[in-house]
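Trainee: Here's a structure for you.
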Amino acid sequence: MSEKSAYIYDPIHGSIHLSGVMLELMGHPLLQRLWGIRQTGMAHLVFPGSSHTRLEHSLGTRWVTREMSAHLGLPSREATSLEIAALLHDLGHTPFSHSLEPALVESTGENHEDRTGRLIRGDLPRGMEAFGQDILEYRAPSIPEVLERHDVDPREVAKLLGQGFREKPYLRELLHGTIDADRLDYMLRDAHYTGVAHGVVDKSRIIATLGLHRNHVAFFEKGRAAVEGFLIGRSLMYSSVYFNKTVRVAETMLLSAVERHPEFLDRGGEILTATDGRLLTALDAAGGISRELARRLEARVLYKVAITSDKVSPTLTAHYRENPAERRAAEDAMAEELGGRGGNVLIDIPPVLELPGEDVRMLPDEGAEYRLLAKDPYLSRLVGRSPAPWELAVYTTPQYLAETQRRGFTWLRRHLRR
């Protein structure tokens with residue numbers, strides 16, 4: 001009997017073939033959960049076509065990994081483990097993807113990558129152990145059970161998403177490098193669905209000029225233009241889409257709605273195991289400011305930008321980024337002074353991103369390997385600029401906008417003084 005297989009048509013990569021362990025994993029409830037999580041958080045409020053999901057991206061990342069492995073001629077076992085890791089690499093995401101990563105870290109002490117590793121090893125976080133298991137006459141096997149049935153070691157797969165293999169660093173770099181399968185897929189996919197062309201990179205040329213040198217991922221000189229285009233395009237996608245100022249407002253509102261849920265600090269990890277729709281329902285049921293913020297997001301009645309600054313002490317922003325409870329206390333004190341209630345004033349301190357990450361190894365036609373960004377400081381400055389529209393901002397409802405603007409940055413700094 002021939003092995004069962006299926007094809008899924010993907011608008012980015014065409015027909016994606018699934019069989020064996022890939023097909024069985026595709027039907028697992030924890031992977032199917034990703035159908036309900038938007039890839040780009042709240043970006044659909046600015047880019048209406050951007051409603052694609054984490055599962056679409058996971059399928060695409062697995063397919064790009066397959067193309068890379070085939071080009072490099074990796075051994076079958078390595079290639080299979082990489083493909084599985086690529087398919088499962090986003091299992092631990094919260095609803096609305098990266099929008100709620102700070103809430104996940106605060107409530108559980110782990111990020112989505114930590115949680116993904118746990119799920120692959122079969123260590124289910126609270127709230128996910130029953131996902132898909134309350135259906136009549138149905139019990140899904142655990143992820144490790146599926147993998148072991150196909151002679152794949154779950155620990156080996158999880159390791160690829162963690163620190164990788166020291167003796168073979170290229171295995172992790174193909175999934176989590178400066179130019180990797182994950183980023184190649186989301187750049188092309190996000191550009192397609194948002195309509196922002198900056199992410200349309202030359203995937204074929206990048207893969208065709210991919211190589212290994214001293215057990216690291218490197219690119220041959222003939223692919224330099226495609227590599228440079230990728231680095232510049234990623235920087236532009238961050239500034240124009242992921243850190244768009246209206247997207248930042250919406251994501252800050254969503255984060256505040258979750259942080260102010262009555263059970264956030266006690267059982268916050270559970271509400272963050274949901275899908276986008278279930279989370280909005282939970283926020284609505286919670287009442288209070290969580291309900292108000294959730295309903296504003298559903299109706300796209302967003303807060304307004306009142307104060308922005310690009311000249312804030314890095315020590316101060318780092319402190320409040322690492323101590324969100326103190327940031328919420330400052331927000332509530334400001335709202336109270338304005339005559340409002342907690343959650344009517346929100347402070348946004350965007351995360352610090354180091355773009356593009358590690359330097360890119362290049363292999364010239366003659367001579368020794370070199371690092372692209374070290375050799376080209378202009379390119380390094382261009383792609384390494386901050387994608388955030390500001391270092392710190394204050395958002396509020398239209399009711400308090402004029403008074404917040406009148407009080408200005410001096411008033412804000414008084415509340416943030418440590």
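Trainee: If I take every Cα pair under 8 Å that is 6 or more residues apart in the chain, average their sequence separation and divide by the length, what percent do I get for the relative contact order?
Mentor: Values: 663 pairs, mean separation 66.7, N = 418.
After rounding, I find 16 percent.
Trainee: May I pose another question? Divide by every residue of the chain the summed helix terms, -39500 (n - 2.57) for each DSSP H run of at least 4, and state the resulting mean residue ellipticity at 222 nm, rounded to the nearest 500 deg cm²/dmol. Don't skip to the answer; put the middle values down first.
Mentor: Working: 21 runs with 216 residues, N = 418.
The helix contribution divided over the chain gives -15500 deg cm²/dmol.
Trainee: On a C-alpha basis, how far is the centre of segment 217-286 from the centre of segment 353-418 in Å? Whole number, if you could?
Mentor: After rounding, the separation between the Cα centres reads 16 Å.
Trainee: If you restrict to DSSP beta bridges whose two residues both lie in the chain, what percentage is antiparallel, to the nearest 5? Each step should come with its number before you reach the end.
Mentor: Values: 23 of 25 bridges.
Here the antiparallel bridges make up roughly 90 percent for the chain.
Trainee: State the percent of C-alpha pairs, over all pairs in segment 5-195, separated by a distance greater than 23 angstrom.
Mentor: Numbers: 7492 of 18145 pairs.
Every Cα pair in segment 5-195 considered, those over 23 Å come to 41 percent.
Trainee: Pull up the cross-link candidates among the aspartates and glutamates for Lys203, meaning alpha carbon to alpha carbon under 18 Å and not fewer than 8 places away within one chain.
Mentor: Reachable aspartates and glutamates: Asp10, Glu56, Glu67, Glu83, Glu173, Asp180, Asp182, Asp185, Asp190, Glu221, Glu228.
Trainee: Let me ask something else. With unit charges on the beta carbons (Lys and Arg positive, Asp and Glu negative) and the dipole taken about the Cα centre of the chain, which residue among Leu255, Gln405, Tyr238 sits farthest to the positive side?
Mentor: Highest projection toward the positive end goes to Gln405.
Trainee: From the phi of every residue in segment 342-357, what ³J(HN,Hα) in whole Hz does the Karplus formula 6.51 cos²θ - 1.76 cosθ + 1.60 yield, where θ is phi - 60° and glycine or proline is x?
Mentor: Residue by residue, segment 342-357 yields x, x, 7, 10, 10, 10, 10, 10, x, x, 7, 10, 9, 9, x, x Hz.
Trainee: Nearest 20 debye, what's the magnitude of the dipole of the chain about its Cα centre given +1 on Lys and Arg Cβ and -1 on Asp and Glu Cβ? Kindly include the intermediate steps, with their values, before the conclusion.
Mentor: Details: 52 positive and 57 negative charges, 233 e Å.
Computed about the Cα centre, the dipole is about 1120 debye.
Trainee: If I take every Cα pair under 8 Å that is 6 or more residues apart in segment 5-195, average their sequence separation and divide by the length, what percent do I get for the relative contact order?
Mentor: 24
Trainee: Among 358-364, 100-106, what's the highest-first ranking by average C-beta atoms within 10 angstrom per residue? It would help to have the intermediate numbers written out before the result.
Mentor: Values: 358-364: 17.6, 100-106: 21.3.
Sorting 358-364, 100-106 by mean packing, highest first, produces 100-106, 358-364.
Trainee: Can I ask one more? Between segment 1-35 and segment 73-105, how many Å separate their Cα centres?
Mentor: 15
Trainee: Along segment 225-242, what does the Karplus equation 6.51 cos²θ - 1.76 cosθ + 1.60 (θ = phi - 60°) give for ³J(HN,Hα), rounded to whole Hz, x for Gly and Pro?
Mentor: Karplus values, whole Hz, x for Gly and Pro: 4, 5, 5, 4, x, 4, 4, 5, x, 5, 4, 5, 5, 5, 6, 8, 10, 5.
Trainee: Tell me, what HN-Hα J-couplings in whole Hz come from the Karplus equation 6.51 cos²θ - 1.76 cosθ + 1.60 at θ = phi - 60° for each residue of segment 399-415, using x for Gly and Pro?
Mentor: Each residue of segment 399-415 in turn: 4, 10, 5, 4, 5, 5, 5, 5, 6, x, 5, 4, 5, 4, 5, 4, 6 Hz.
Trainee: Between Ser309 and residues 5 or more places away or on another chain, which pairs have amide H atoms under 5 Å apart, with H built 1.01 Å from N, and which residues are they?
Mentor: The list, which skips near neighbours in sequence, is Glu391, Leu392.
Trainee: Still on this structure, I have one more. Reachable lysines from Lys159, Cα under 23 Å, same-chain residues fewer than 8 places away excluded?
Mentor: Counting by Cα, and skipping residues close in sequence, Lys159 has these lysines nearby: Lys168.
Where a number appears in this text, it was derived from the coordinates with a stated rule and is not lab data. Just so we're clear, the structure is a prediction, and the values are computed from it rather than from any experiment. In this analysis, Cβ positions are derived from the backbone assuming ideal geometry, glycine residues included, and neighbour counts consider all displayed protein chains.
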